[in-house]
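In what follows, a single structure is set out as structure tokens and then discussed.
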Amino acid sequence: MNALGLVEVPSVTAAIDCLDIMCKTASVEFVTWERKLGGRLVTVIVTGSVDAVTSAVEATAQAVKKPVARAVIARPHEETQRLVGLSASRLKK
């Protein structure tokens, strides 16, 4: 895992739009998503090279709804990777 990209948006629809933009903009892979406040805040997490993740996260500025928060984590710590992996494991069930 070279980098993680996190984008938090105010609805599930906006999250899907952001994910689509990120995947079309750069060579990133969807990892997982988290819904909070009944789906009113959704965080989408992608992975890829640092350059690809940065480009993908920056491209979400053109989304239907503007992101509430965005972050790129280069070379995430193993504990950060573990936390994201726990979230992603819920999708496999």
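Some notes on this structure:
- The stretch between Ser49 and Ala74 holds 8.2 nm of extra length on full extension. This uses 0.36 nm per residue minus the Cα-Cα distance.
- Additional length obtainable on full extension of the chain from Arg90 to Arg35, 0.36 nm per residue less Cα span: 18.6 nm
- Per-residue ellipticity at 222 nm computed for the chain from its helices equals -13000 deg cm²/dmol, with DSSP H segments shorter than 4 residues left out and the rest contributing -39,500 (n - 2.57).
- At least 15 Å along the helix axis (C-alpha) and Kyte average at least 0.5, DSSP helices within the chain: 12-25
- Considering all C-alpha pairs of the chain, those separated by over 16 Å amount to 49%.
- Peptide ranges 42-55, 20-33, 75-88 listed from the most packed, as the mean C-beta count within 10 angstrom indicates: 42-55, 20-33, 75-88
- Formal net charge of residues neighbouring Ala52 (Cβ-Cβ distance under 13 Å; K, R +1; D, E -1): -2
- Portion, in percent, of the accessible area of region 11-93 that falls on carbon or sulfur, probe 1.4 Å: 55 percent
The values are calculated or read from the model by the stated rules, or taken from the named source; none is laboratory data. The shown structure was predicted, so the numbers you read here are calculated from the model rather than taken from an experiment. Neighbour counts are summed over all protein chains in view; Cβ atoms, including those assigned to glycine, are modelled from backbone coordinates with ideal geometry. Ligands, DNA and RNA are stripped out before the accessible areas are found, and what is left, the full protein with its side chains, is counted by its heavy atoms. Shrake-Rupley method; radii C 1.70, N 1.55, O 1.52, S 1.80 Å.
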